[in-house]
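*Asks:* This is the structure I have questions about; it appears just below.
Taken together, the values in this text are just the output of simple stated rules run on the coordinates, not laboratory data. Everything numeric in this text was worked out from a predicted model, so none of it was measured. Methodologically, a virtual Cβ is constructed for each residue, glycine included, from the backbone with ideal geometry; neighbour enumeration extends over all protein chains shown.
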Amino acid sequence: MSYRSGFVALLGRPNVGKSTLLNALLGRKIAITTDKPQTTRNRIQGILHRPDAQLVLVDTPGVHKAHNLLGQRMVKASKRVAGDVDLLWHIVDISKPPKDEDQWVAAMAQKTAIPTWLVANKKDLVEHLEGRVDPYLALMPYAAYFFVSAIEESGTEALVNKAFDELPEGDPYFPPDMVTDQSEDFYVGEIIREKALELTREEIPHSLAVVVEERTARSLALTYVRATLYVERPTQKAIVIGQKGQMLRQIGQVARRDLEEYYGHRVFIELWVKVRPRWRSQEQWLTRLGYQDPEKS
Ligand SMILES: Nc1nc2c(ncn2[C@@H]2O[C@H](COP(=O)(O)OP(=O)(O)OP(=O)(O)O)[C@@H](O)[C@H]2O)c(=O)[nH]1
Ligand SMILES: [Mg+2]
């Protein structure tokens with residue numbers, strides 16, 4: 001029996017549920033998800049294994065109109081992934097009509113000439129799906145379309161089975177036990193960022209970056225994490241810290257809960273907040289905070 005392997009990109013505008021779908025298909029959380037747009041900032045790969053095949057799912061930042069260098073790098077990362085896979089999934093939110101960004105994604109996909117499927121997510125939110133999908137199907141000639149709910153994990157089995165069916169012959173790209181290519185420090189930082197995003201409002205989410213400075217196993221039953229939360233303005237720092245440090249404590253507590261479940265033992269988190277004015281527009285800071293130029297990585 002021949003082995004088959006390949007990459008599929010999850011592309012779409014922000015907030016349509018790409019990362020939620022990635023996690024649902026893997027049966028494990030590897031990407032953070034929030035109700036705020038532009039949550040995902042890097043390419044994140046998750047690997048699905050079957051005895052005779054390997055499917056690599058590539059989550060990408062939401063395609064949007066970039067207002068700073070970080071945004072430009074995010075969109076560049078998505079574009080780059082789009083040109084370098086075997087199959088494209090254009091993920092959309094079927095509870096809403098198409099927006100300009102959906103059109104941009106369709107144009108991006110069409111330019112590549114890679115087979116593209118429309119994946120209409122959030123089907124749990126609406127009835128009469130067929131009527132709603134027509135304006136999306138008009139965006140470009142999709143090779144297939146699927147209705148799914150990443151949250152309810154419905155329709156997802158059919159989608160992934162069909163993707164496995166279409167894989168080209170080839171050797172595995174990753175070892176059989178590997179679920180993701182991201183580092184543990186990156187994951188831990190992302191969990192902290194997710195909690196900070198969930199607990200804060202307004203301009204904080206977009207201005208926040210998290211760097212894990214230290215992560216050590218203090219014993220078999222305790223991991224110590226020290227991380228810095230970077231924001232752009234002193235007023236944002238005050239919000240992230242909160243009255244008498246209450247907000248920062250809460251971010252740490254909620255992140256600790258998730259990480260204790262992930263590690264299966266106790267986790268101690270120490271958080272610091274620093275101001276780096278306009279870090280999202282500065283080449284050197286972007287790279288230091290983990291958002292390198294996709295062309296150079
Ligand atoms: N009702 C419903 N909500 C969903 C579904 N999938 C995702 N969501 C919600 O949609 C919001 C965005 O989900 P994400 O997975 O972070 O979206 P994304 O496309 O990765 O967003 P970016 O990373 O910002 O591009 C979250 O609040 C999810 O809980 C779904 O199938 N049904
Ligand atoms: Mg995402």
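*Asks:* Suppose the chain between Tyr262 and Arg233 were pulled fully straight at 0.36 nm per residue; how much longer would it get relative to their current alpha carbon spacing? It would help to have the intermediate numbers written out before the result.
*Replies:* Numbers: separation 29, 0.36 × 29 = 10.44 nm, distance 3.24 nm.
Here the segment from Tyr262 to Arg233 would lengthen by 7.2 nm.
*Asks:* Continuing with the same structure: Residues of segment 35-56 with amide nitrogen under 14 Å from the 7 Å Cα-to-Cβ point of Met178?
*Replies:* 44-49, 54-56
*Asks:* Still on this structure, I have one more. For a Förster distance of 35 Å, can you work out the FRET efficiency between the beta-carbons of Lys36 and Ala113, rounded to the nearest 0.05? Provide the component values of the computation, followed by the final result.
*Replies:* Working: r = 33 Å, r/R0 = 0.95.
Working from the Cβ atoms, E equals 0.55.
*Asks:* Further question: Quick one: compute the contact order of segment 22-65, relative version, from alpha carbon pairs under 8 angstrom and 6+ residues apart, as a percent.
*Replies:* Values: 52 pairs, mean separation 14.7, N = 44.
Once divided by the residue count of segment 22-65, the mean separation gives 33 percent.
*Asks:* Once both labels are modelled 7 Å past Cα along the beta-carbon direction, what's the Arg28-Glu283 spacing in nm?
*Replies:* 3.8
*Asks:* How big is the chain along each principal axis, measuring the range of its Cα positions in Å and listing the largest first?
*Replies:* 55, 42, 40
*Asks:* Still on this structure, please answer the following. What spacing in nm lies between the two simple spin-label points modelled at Asp100 and Ala143, each 7 Å away from Cα in the Cβ direction?
*Replies:* 3.1
*Asks:* Percent of alpha carbon pairs in segment 193-297 separated by more than 19 Å?
*Replies:* On the way: 2551 of 5460 pairs.
Looking at segment 193-297, the distances longer than 19 Å represent 47 percent of pairs.
*Asks:* In whole Å, largest first, what are the principal axis extents of the Cα atoms in segment 4-165?
*Replies:* 44, 37, 31
*Asks:* How do Asp134, Asp84, Asp93 rank when sorted from fewest to most other Cβ atoms within 10 Å of their own Cβ?
*Replies:* Working: Asp134 8, Asp84 13, Asp93 22.
Going from least to most buried by this count: Asp134, Asp84, Asp93.
*Asks:* Still on this structure: How much length, in nm to one decimal, is gained on full extension between Lys65 and Val126, taken as 0.36 nm per residue of separation minus their Cα-Cα distance? Walk me through the numbers before you get to the answer.
*Replies:* Working: separation 61, 0.36 × 61 = 21.96 nm, distance 2.74 nm.
Stretched out fully, the Lys65 to Val126 stretch lengthens by 19.2 nm.
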